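Worksheet: one structure, shown below.
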Amino acid sequence: MKLEPMVFDADVQASLIRAQRKLFRVFRDDPHFTGAAIGMRHRAGEYVDEPVVIAMVRKKLAEGQIPLHRMVPATIEVDGRRWGVDVVEVRPLRHPGLPAVANASYRPGPDAGAAKPNAVNDPIRKKFTDPVQGAGISNATGSLSGTLGCFVRDLDNNDGRICFLSSNSVLARVDQPAFGEAIYQPARQDGGGSNDAIGTVRRFSELGTTATVDAAIGVLNSGVTADLGVADGLMAPISATHPAIGMITASDTDPLQRHVNSFISRMDHIVDALHVELSVADDEHSCIAAPQLFSHIEKVGHASGYTSSMVTALAAIVKIDYGFKYVTLTDQIWSQAFCLPGDSGALVLAGGNGRTFVQEPEPPTSNCELLATVGHYYDLPLSDDNDLTSQARDQFLAQSPLGNMLIGAIYLNQQTVIDRLGGKEAEGVAIGYAKEYYDKYRTLVATVLANPDSGATMTQENIDDLEFMFAGMTGGAGIQPVLDQDEAQVAYTLLTGVVANTVGMNYQQIIDYMNDPGVFQTVYDQLATLPSVNIVGPVVAG
């Protein structure tokens, strides 16, 4: 079929959305299912003229490789109508923020690049005389940098001050109490500091566990002037003929670390949720438009500069990993090859050629610096286990509040582990034991994750092995300690008082046990006693 912007018949769209929601309800807890949307069937590299419900899965497998209870149906029926289901690969999704101090040594001058504007796809890293759409920003205390979306007027606070729009994850640190915290331009990742504060956080739309938008606003400091253009003139400003469609929310990566799928919160939902209106030169006309399937879109973002792509599907419901919790986002726009980490908050406008895609960075030598560091320390091939650890996170830990808290603890404390072990190697006896237990348990973990219904149970031997591992991490017998005394005591307390209770439990029974609020509180209280450990809780899975 010829790809031109199209709008579904209202009755067809409503029925497709009901079918899509039915599919999502059935599969939302399956860790291999990443979301659902509505669009046109994609077959043999071409779109065909058939409206379908789109099922997103981590990896498409042959029919014989999938257990019957996890197999996505070929069709789904609602209201007496049967719709086809098109299965596509969308790997686990993350919000596209960038670690705010990933390269703090980079410090552009106040006018860096002014004489040589950024080219298409160049990151927007410099400080602008006046804040502008597409510039890099970050919260003074947050862990992520992103993009200044655009300027808005706050309809709930008629003080006449200009506000700026970006994502909740960048401005408000994912629902944290961030009111009044400073926002830097350039971002901390680009060397921004206290002298670069352009404003403060004013309000955010709460993400919780389910939301429609990832959005927040800040207010400019007194004396700071807004530039209603776009960074380096990389695209035209917002207007009635160049309306805003939405704002960058999330992206995935394929095994080669290429950013394939991009998801966008709708602009009409954003202005409603935050009760704001766009502050643009063309105040006489509406400068917001609803997305249309196959329409061209464009944006300018902190990480990937100017890109243009196409609306691939509509009304997407997707599960987003925010580092320490999952959020289900609804009614998202789906595009492809449109953004990179650091583009979170970038405004998406109608227009462009639909094929100026992100330029991917070279893939890292390791998918996870934490795994690489621990692997080097114990001489284990942990960098090869990135997919397995992601599977354990998504399929096991993410199924309970306790598991999500532990995900957050790993996320928040990984730099501590990297600093503690980086560039070092364990003693030979420790490496020997580490290899012995790695060989013993890697296959077991992979087998159980591949077949959770296998009937395998936790044994006393497993508990004894864990106790021996923790003892080795406290040092002694010529082995340098990895845990300090307080950390070792908490580990032992949790092992004997919490983990030991799972002896005899199978996979699902352990997940049920981890869903017990009392178990969550016990673990949280113990971890909270450690000044060396950062935790967030309680957190409930989306």
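The values are calculated or read from the model by the stated rules, or taken from the named source; none is laboratory data. All of these numbers come straight from a predicted model, not from anything done at the bench. Positions of Cβ are backbone-derived with ideal geometry, glycine not excepted, and every protein chain shown enters the neighbour counts. Surface accessibility is based on the protein's heavy atoms, side chains included, excluding ligands, DNA and RNA. Shrake-Rupley method; radii C 1.70, N 1.55, O 1.52, S 1.80 Å.
Among all lysine pairs in the chain that are eight or more places apart or on different chains, how many have alpha carbons less than 28 angstrom apart? The result is 20.
The residues of the chain expose, per residue, 44 Å² of accessible area to a 1.4 Å probe. Counting only Cβ charges, +1 for Lys and Arg and -1 for Asp and Glu, the dipole size of segment 219-312 around its Cα centre is about 320 debye. Each peptide among 291-298, 47-54 gets the average number of other Cβ atoms lying within 10 Å of its residues, and from highest to lowest they stand as 291-298, 47-54. Here the accessible area of the chain is 53 percent carbon and sulfur, with a 1.4 angstrom probe and all protein chains present. In this view, the solvent-accessible surface of W83, computed with a 1.4 Å probe and all protein chains in place, comes to about 30 Å².
Placing a pseudo-label 7 Å from each Cα along the Cα-to-Cβ vector at T129 and D272 gives an inter-label distance of 4.1 nm. Normalising the Debye intensity of segment 286-391 to I(0), with uniform scatterers on Cα atoms only, and taking log10 at q = 0.12, 0.25 Å⁻¹ returns -0.58, -1.31.
The alpha-carbon atoms of segment 1-60, seen along their principal axes, cover 35, 28, 14 angstrom, with the largest extent given first. Subtracting the Cα-Cα distance of S194 and K440 from 0.36 nm times their residue separation leaves 83.5 nm of extension gain. Taking the C-alpha atoms only, the angle from helix 460-473 to the longest principal axis of the chain is near 80 degrees. Just to confirm the number: angle between the C-alpha axis of helix 10-27 and the first principal axis of the chain, 0 to 90 degrees, nearest 10? It is inclined by approximately 10 degrees. Mean separation of Cα pairs under 8 Å and 6 or more residues apart, divided by the residue count, gives the chain a relative contact order of 13 percent. Across the chain, Cα-Cα distances exceeding 34 Å account for 42% of all pairs. Between 0 and 90 degrees, the angle of helix 428-450 with respect to the longest Cα principal axis of the chain falls at about 60 degrees. Please report, largest first and rounded to whole Å, the three semi-axes of the ellipsoid equivalent to segment 377-501, where each semi-axis is the square root of five times an eigenvalue of the C-alpha gyration tensor. Semi-axes (√(5λ), whole Å): 24, 17, 17. Modelled spin labels at E4 and D79, positioned 7 Å past Cα toward Cβ, are 2.6 nm from each other. A simple charge model with +1 on the Cβ of Lys and Arg, -1 on the Cβ of Asp and Glu and nothing else charged puts the dipole of the chain at about 620 debye relative to its Cα centre.
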